[in-house]
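I have placed the structure first, in the form of structure tokens, so that the comments after it can refer back to it.
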Amino acid sequence: MNPSHDQSSSDATREPVLAASGLRKTYRMGRVPVQVLKDASIEVRSGEWVAILGASGSGKSTLLHLLGGLDRPDRDGGMIHFEGRRVSEFGGAELNTYRNRSVGFVFQFYHLLPELSVLENAMLPCLVPNRWLSATLPLLAAVIGGGVGAAVGSTFGVEILPTADPPTPSKIALLAVTCGVLGAAIGVVLFQLGQVVAERTRLRHGPQAAISRNTLEEFGLGHRLRHRPSQLSGGERQRTAIARALASEPGVLMADEPTGNLDATTGREILDLLKKRHDAGLTIVMVTHDSAVAEYADRIVRLEDGRVVESPA
């Protein structure tokens, strides 16, 4: 275990930032139920690096996905608390915020979007739009545009209608409706154009762009910002994936076999990057089958027969 991060007695008494108790998770293979987790419990304190060590197929990734809100335990299959609150009680929007902002994920196979550049991939969590605003603002633009169009049609209907066609209240009302529909359409189009311009500006000059750019430069990818994932080596792809996980400055980083798809030398470089961030205070939960990789952590637990077992100090 990493000797520079021995847990003091004061650390042991701190409240956990992330805690799970009695987790059970069952999958079905055809008609056969397969119980992967059986009353698994774990606590992670702020600033701690915990490694979950287990054989392939032991349920490590399943446990990590439950902790990160990507999956749910069985009904009455235990509880997960983040900063003292039950994750199962989060509403839809709050759960999305938890998954996108409170925790960050690093996966074995990178999961980078091939059509985006390195910088755009790293900024991806910050580009996810607010669901409520995405639904409300276009509607608001349509209402305002429609209102302006209807007002123009009703106010200037006499001037707009041909002189040979004497205006009547019904004709002016019809004109107002027509102008309202056109105004609503124009309002939505202008909103969407403005949104595109705003997103491009944010990508190039916004604070999140600066954070992601600085992280990528720290990771030795400053010369690769405009490259696509297909132009990167495996180590460079994983560095980009870690930068993406850190973009929203999460409280907890969850790493699922972060070196499993890399050679030994590149794997050590990735672990050194994580260690540097951990030394700066980042909380990490990492699952691995490799005991040498687990040694980077402050504390190692083992997943055996669906349960979490503390390793001897």
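Bear in mind that the values in this text are calculations on the coordinates, not laboratory data. On a predicted model such as this, the values are computed, not experimentally measured, just so you know. Cβ sites come from the backbone with ideal geometry, for glycine too, and all protein chains shown count toward neighbours.
Within the same chain, aspartates and glutamates fewer than 8 places from K25 are excluded, and of the rest, those with a Cα less than 17 Å from its Cα are D39, D71, D74, D76, E304, D305. Summing Lys and Arg as +1 and Asp and Glu as -1 over all other residues whose Cβ lies under 11 Å from the Cβ of L274 gives a net charge of +2. Extension gain for the segment V143 to R268, taken as residue separation times 0.36 nm less the Cα-Cα distance, is 39.4 nm to one decimal.
One compactness figure for region 224-270 is 1.19, namely its Cα radius of gyration divided by 2.2 N^0.38 Å. Placing a label point 7 Å from the Cα of D39 along the Cα-to-Cβ direction, none of the residues of region 78-109 has a backbone N under 12 Å of that point.
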